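**Q** I am attaching a structure below and will ask some questions about it afterwards.
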Amino acid sequence: MITRLPTYKDFEDVSKQCLTQAFNLLYKVYDEYDEYDDEVIRAEVSLEQIWTHNSGTIRTSLILLHQGIETYMKSAICKTTPLLLIEKTRADWPTLPSRADKEFDSLYTISGEALLTTFCAVSEKKISNEFIEFIETVRQKRNEAIHGANNVSIKAKELLDHIFNAYTYCFGKDAWFLETRSFNYENPLFGYFDWDIEYAVAYKHLDFALDILGKKKLNKYLSTDILGRAYFCPECKRTIDGDYGYLESKWAFLKPNKPDSTNIHCINCDAEFNVIRKDCVEDKCKGNVIHDYDCEETCLTCFEYQENE
Ligand SMILES: [Zn+2]
Ligand SMILES: [Zn+2]
């Protein structure tokens, strides 16, 4: 018998771990640079130089991305049966009563082309040519990173785009954000500094993605349309402002995105708020989305208190 057969969930968890760590590696490099909030340093040291210095991290992230995609395919195959993953010729399977039991993990499993063709054979959703080409691109880049003596040719931007593409294909839009946020959230150390701040600080993942990919590209990987006007989230802004720092990012969007919409949704904390549509009292501000916070009306464009004359 083949014992300890894995479930699709086992592989799915590992796939998410790989993709999350592929993201985190890049994010940490960026975040460390971002801490140097000093014009002189920024002028002398570019982010590009930092990526070049961290080419080993890019290499590792790429390997994890490839691993994440392969493991996702394994999870999809497991929904039919994990036995399809075994590489051994069937005649040699340790399944006859006379043969000794073997644990699944001790057997070689398929990879590369065999994995891809099996995945296509069992997949519940139709596999597009685009996805096959995407896997091929990642595989080639990964081989280059593992075997090539040369530097990795892939840039951080292209790699992050690939990571998000994989996340979205395998687990749907928003998955990259929800997974990377919940990884931090599940950290045993979470909450010891400040529960609210640590939760809200996930906005940095969004800022990082926006800075590297730009709005148009990032929009493909989120279910909320971020091409419309962005607003401050009344909750996240109040949490971050103060002792921790000053929140400049706007991750709340009208839902639906209509001129008379009275509802706003924040991607970062996933909360929705009622808003009043009237012009902001500040002369310089063109905002017309006002939030009533315990009878304290605040403009979500400039975050100024709306003093009634
Ligand atoms: Zn929020
Ligand atoms: Zn305003």
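**Q** Residues of the chain: accessible area per residue at 1.4 Å, in Å²?
**A** On the way: 17580 Å² over 309 residues.
The answer is 57 Å² per residue.
**Q** May I pose another question? Place the peptides 236-245, 20-29 in order of packing, highest mean first, counting for every residue the other Cβ atoms within 10 Å and averaging per peptide. If you can, show how the numbers build up before the last one.
**A** Values: 236-245: 16.6, 20-29: 20.7.
The densest-packed peptide leads the list: 20-29, 236-245.
**Q** How high is the relative contact order of the range 1-171, given as a whole-number percent (alpha carbon pairs under 8 Å, six or more residues apart)? Write down the numbers at each step before the final one.
**A** Values: 171 pairs, mean separation 59.7, N = 171.
Contact order relative to length: 35 percent.
**Q** Additional query: Rounded if a/c is under 1.5, else prolate if a/b is larger than b/c, else oblate: which is the range 192-309, with a ≥ b ≥ c the root eigenvalues of its Cα gyration tensor?
**A** Details: a/c = 1.83, a/b = 1.20, b/c = 1.52.
Note, shape of the range 192-309 comes out oblate.
**Q** Order 167-180, 293-306, 38-51 from most to least packed using the mean count of other Cβ atoms within 10 Å. Walk me through the numbers on the way to the answer.
**A** Numbers: 167-180: 19.4, 293-306: 15.1, 38-51: 11.6.
By packing density, highest mean first, the sequence is 167-180, 293-306, 38-51.
**Q** If you don't mind, another one. Leaving out ligands, DNA and RNA, what percent of the accessible area of the chain is carbon and sulfur, probe 1.4 Å?
**A** Values: 8500 of 17580 Å².
That share works out to 48 percent.
**Q** Among the listed pairs LYS79/LYS220; LYS157/LYS237; LYS16/LYS216, which have their C-alpha atoms separated by more than 26 angstrom in this model? Intermediate values should be presented prior to the final figure.
**A** Values: LYS79/LYS220 28 Å; LYS157/LYS237 28 Å; LYS16/LYS216 24 Å.
In this structure, LYS79/LYS220; LYS157/LYS237 lie more than 26 Å apart at Cα.
**Q** Same structure again: Cβ neighbours within 10 Å, averaged per peptide: list 198-208, 119-129 in order, most packed at the top.
**A** Highest to lowest by the protection proxy: 198-208, 119-129.
**Q** Let me ask something additional. Please identify, among LYS141, LYS155, LYS284, the residue showing maximal mean-square fluctuation in a Gaussian network model of the chain using a 10 angstrom Cα cutoff.
**A** Result for the chain, Cα springs under 10 Å: LYS284 fluctuates most.
**Q** Follow-up question, since we're still on this one. Just to be sure I understand the rule: take each whole DSSP H helix in the chain, project its Cα atoms onto its long axis, keep it if the span is 20 Å or more and its mean Kyte-Doolittle hydropathy is at least -0.5. Which ones pass? Intermediate values should be presented prior to the final figure.
**A** Numbers: long enough: 8-34 (38 Å, -0.75); 55-78 (34 Å, 0.43); 129-147 (27 Å, -0.85); 156-171 (22 Å, 0.18).
Those that pass (Cα extent of 20 Å or more, hydropathy at least -0.5) are 55-78, 156-171.
**Q** What net charge is computed for the residues neighbouring TYR108, neighbours being all others with C-beta under 10 Å from the C-beta of TYR108, Lys and Arg scored +1, Asp and Glu -1? Walk me through the numbers on the way to the answer.
**A** Numbers: positive: LYS88; negative: GLU87.
Within the 10 Å Cβ shell, the charges total 0.
**Q** Would you give the gap between the C-alpha center of the range 192-221 and the C-alpha center of the range 131-160, rounded to a whole Å?
**A** Centre-to-centre distance over Cα atoms comes out at 25 Å.
**Q** Given Cα pairs under 8 Å that are at least 6 residues apart, what percent is the relative contact order of the range 192-309? Don't jump to the answer; show the numbers that get you there.
**A** On the way: 169 pairs, mean separation 20.1, N = 118.
Dividing the mean separation by the residue count of the range 192-309 yields 17 percent.
**Q** DSSP beta bridges in the range 192-309, what fraction antiparallel, as a percent rounded to 5? Provide the component values of the computation, followed by the final result.
**A** Working: 13 of 14 bridges.
Just about 95 percent of them are antiparallel.
**Q** In a shell of Cβ-Cβ distance under 11 Å around ASN219, excluding ASN219 itself, what net charge do Lys and Arg (+1) and Asp and Glu (-1) give? Display every interim value, and only then the final one.
**A** Values: positive: LYS173, LYS215, LYS216, LYS217, LYS220; negative: ASP225.
That works out to +4.
**Q** Considering only PHE303, SER261, ILE163, whose Cα is most displaced toward the positive end of the charge dipole of the chain, charges sitting on Cβ of Lys, Arg (+1) and Asp, Glu (-1)?
**A** Result: ILE163, furthest along the dipole toward the positive end.
**Q** Once you sort the root eigenvalues of the Cα gyration tensor of the chain as a ≥ b ≥ c, which label holds: rounded (a/c under 1.5), prolate (a/b larger than b/c) or oblate (the other case)? Walk me through the numbers on the way to the answer.
**A** On the way: a/c = 2.50, a/b = 1.94, b/c = 1.29.
Verdict is prolate for the chain.
**Q** Now for a separate question. Taking the Cα-to-Cβ direction at ARG42 and at ASN219 and moving 7 Å from each Cα, how far apart do the two end points lie in nm?
**A** 2.5 nm
**Q** Could you please report the charge total around ILE2, scoring K, R as +1 and D, E as -1 over all other residues with beta-carbon less than 13 angstrom from its beta-carbon?
**A** On the way: positive: ARG4, LYS88, ARG90, ARG99, LYS102; negative: GLU87, ASP92, ASP101, GLU103, ASP105.
Net charge around ILE2: 0.
**Q** Further, regarding this structure: Compute the relative contact order of the chain as a whole-number percentage, counting only Cα pairs closer than 8 Å that sit 6 or more residues apart in sequence. Show your work: numbers first, answer last.
**A** Details: 381 pairs, mean separation 43.1, N = 309.
Result for the chain is 14 percent.
The values are calculated or read from the model by the stated rules, or taken from the named source; none is laboratory data. Nothing here was measured: the structure is a model prediction, and the numbers come from that model. Note that each Cβ is placed from the backbone with ideal geometry, even for glycine, and that neighbours are counted across all protein chains shown. Quick note on the areas: whole protein, heavy atoms, side chains included, nothing else; ligands and nucleic acids left out. Shrake-Rupley method; radii C 1.70, N 1.55, O 1.52, S 1.80 Å.
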